1. Give, in nm to one decimal, the length gained when the segment between ASP94 and ALA74 is fully stretched (0.36 nm per residue of separation minus the Cα-Cα distance).
2. If we sort 16-25, 91-100 on the protection proxy, mean other Cβ atoms within 10 Å, highest first, what's the order?
3. Under 8 Å for C-alpha pairs, at least 6 residues apart: give me the relative contact order for the chain, rounded to a whole percent.
4. Counting only Cα atoms, I'd like the Rg/Rh figure for the chain, Kirkwood definition for Rh.
Amino acid sequence: MVFRKLALMLAANRRVGLVATSPILKNPPFGYPDQPDFFNAILFLCTKLSPRELLHFLLRTERRFGRRRSFPNAPRTLDLDIIFFEDRRVQSDDLIIPHRYWMERESVIIPLRYMGEVR
């Protein structure tokens, strides 16, 4: 349900365009295992926002959906990450693109395979 609301909100937003979505996959949590399974998907967006502007847009979106950052890997209703941004590389304290752990996470690899986009 959260994913559907997110997709509708993104599709209606003029700052980003929802291009495609992967299937929603269920997998066990990692980091903090004492929480329900995760549901993961990949969204392909188009935007004229810079990587930093997109990060701030996604953080605001998480808050709109009730996300609280009480501790690292805490249970959450929504976690939006920038995995890739065109072919750009970004390295700062609060933003690393490509996402540093994307190749280690089945929650990223498997949805990307469904979309034919594993790099």
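Values quoted throughout were computed directly from the atomic coordinates according to the rules given, and no laboratory measurement underlies them. Computed from a predicted structure; not experimentally measured. Virtual Cβ from ideal backbone geometry, glycine too; neighbours counted across all protein chains shown.
1. On the way: separation 20, 0.36 × 20 = 7.20 nm, distance 1.80 nm.
So the extension gain works out to 5.4 nm.
2. Working: 16-25: 14.4, 91-100: 12.2.
Most protected by this proxy first, the peptides run 16-25, 91-100.
3. On the way: 132 pairs, mean separation 27.7, N = 119.
Relative contact order comes out at 23 percent.
4. On the way: Rg = 14.0 Å, Rh = 15.1 Å.
Radius of gyration relative to Kirkwood radius: 0.92.
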